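The values are calculated or read from the model by the stated rules, or taken from the named source; none is laboratory data. In this text the structure is predicted, and so the values were computed from the model without any measurement. We place every Cβ from the backbone using ideal geometry, glycine too, and count neighbours over all the protein chains shown. Calculation scope for accessible area: heavy atoms of the full protein, side chains included, ligands and nucleic acids excluded. Shrake-Rupley method; radii C 1.70, N 1.55, O 1.52, S 1.80 Å.
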Amino acid sequence: MKQKTISIIIPTYKPDENFANLLQMLGKQTYPIDKIIVMNTEETFYHKEQYPRLEQLEVHHIKKQEFDHGGTRNVGVTLTNTDVVCFLTQDAMPKDEYLVEYMMKAFDENEMVGAVYGRQLPAKDCGIIEAYTRSFNYPTERKVKSMKDLEQLGIKTFFCSNVCAAYRRDIYNKLGGFPLKTIFNEDMIFTGRLVKSGYQVVYEPNAKVIHSHNYSGSQQFHRNFDLAVSQAQYPDVFGGIKSEGEGIKLVKQTGKYLVKGGKWYLLPKLIYQSGCKYIGYLLGKNYYKLPKKVCIWCSMNKSYWLQK
């Protein structure tokens, strides 16, 4: 069987020295990469002399007002002609040289696999609560998800993250690529449609990137507001599927983990952050009832509302 080809697409904005390490790790991958497409926002902030000169590397610059979570990635796809396109974020560091190899295995195993996403491991500076959240969302067990899992998994059936995710090109094209002008969450919107079209999403825990954030309660509020807005705007994907239960399950399990590990003093922080998440999510679900000024204040992506 002919080996499938893959390109990697990375949107960047003000990439730092860690991005050089990311590119170096891509240069060491055991599976051949056809192209590495960097879709960089604002050329002024991209200092090419800091980064390794990989043969596969192409850098394309856009203006800040041109950036779109789905649209910019779609443009990156048009710059490739490979069987599979893989997306990374600029802060997702490959754990080892086998990342791409493991991502590609699932596509070879089953032609109905339309998307594969990898495991996100906490960085060294990651807080205890966030580290546990990573293990909750990205466990050690491999999972193949399809419509038959919807009743049991709920919205997690559609879960996929463009922090590290790959898509079969023919299926991506058939479904029209990522949605345009979405506030974010373009990955789950697409994979929701993918699953509803009869295809499968694979979580591959052996494909590992180091990626985590120590968000404050305020940042959690803003992020969950945007998450809920994206879900409310796409009822064809998320309509009738509740996601609050998954959040409650995470809070309960995190609480038990903290108590069992003698970290009970972090419970107030967990309750505060969880409250911020829930309030942000609740407001986002009902964003259309709110004045535009309130939506701007609640949102992490304020430019989205200014362009509307």
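Per-structure values
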item: Among (1) modelled with pLDDT of 95 or more; (2) among the aromatic types (Phe, Trp, Tyr); (3) open to solvent by less than 70 Å² (accessible area, probe 1.4 Å), the one test that residue 98 misses; result: (3)
item: Single unsatisfied condition, residue 131 versus (1) among the small types (Gly, Ala, Ser); (2) touching a helix residue (DSSP H, G or I) at 6+ places or on another chain (Cβ under 8 Å); (3) assigned to a helix (DSSP H, G or I); result: (2)
item: Scope the range 101-122; condition hydroxyl-bearing (Ser, Thr, Tyr) and either modelled with pLDDT under 95 or farther than 22 Å from residue 177 by Cα (or both); matching residues; result: 102
item: Hits in the range 106-142 - residues which are within 20 Å of residue 198 (Cα to Cα) and either among the polar types (S, T, N, Q) or crowded, with 16+ Cβ neighbours inside 10 Å (or both); result: 106, 107, 110, 113, 114, 115, 116, 117
item: Residues of the range 21-33 classified as exposed (fewer than 14 other Cβ atoms within 10 Å of the Cβ) and in contact with a helix residue (DSSP H, G or I) (Cβ under 9 Å, 6 or more places away or on another chain), total; result: 2
item: Any hit, the range 279-299, residues being within 15 Å of residue 131 (Cα to Cα), in contact (Cβ under 8 Å) with a residue 60 or more places away in the chain and open to solvent by less than 50 Å² (accessible area, probe 1.4 Å); result: no
item: Residue pairs meeting the criteria (Cβ under 9 Å; at least 6 apart or on separate chains; first under 22 Å from residue 302 (Cα atoms) and without any contact (Cβ under 8 Å) to a residue 24 or more places away in the chain, in the range 53-68; second hydrophobic (A, V, I, L, M, F, W, C) and open to solvent by 50 Å² or more (accessible area, probe 1.4 Å)); result: 62/75
item: Wholly within the range 155-253, helices (runs of 4 or more DSSP H) carrying at least 1 residues that are open to solvent by less than 40 Å² (accessible area, probe 1.4 Å), in contact with a Cys (Cβ under 7 Å, 6 or more places away or on another chain) and within 25 Å of residue 144 (Cβ to Cβ); result: 186-196
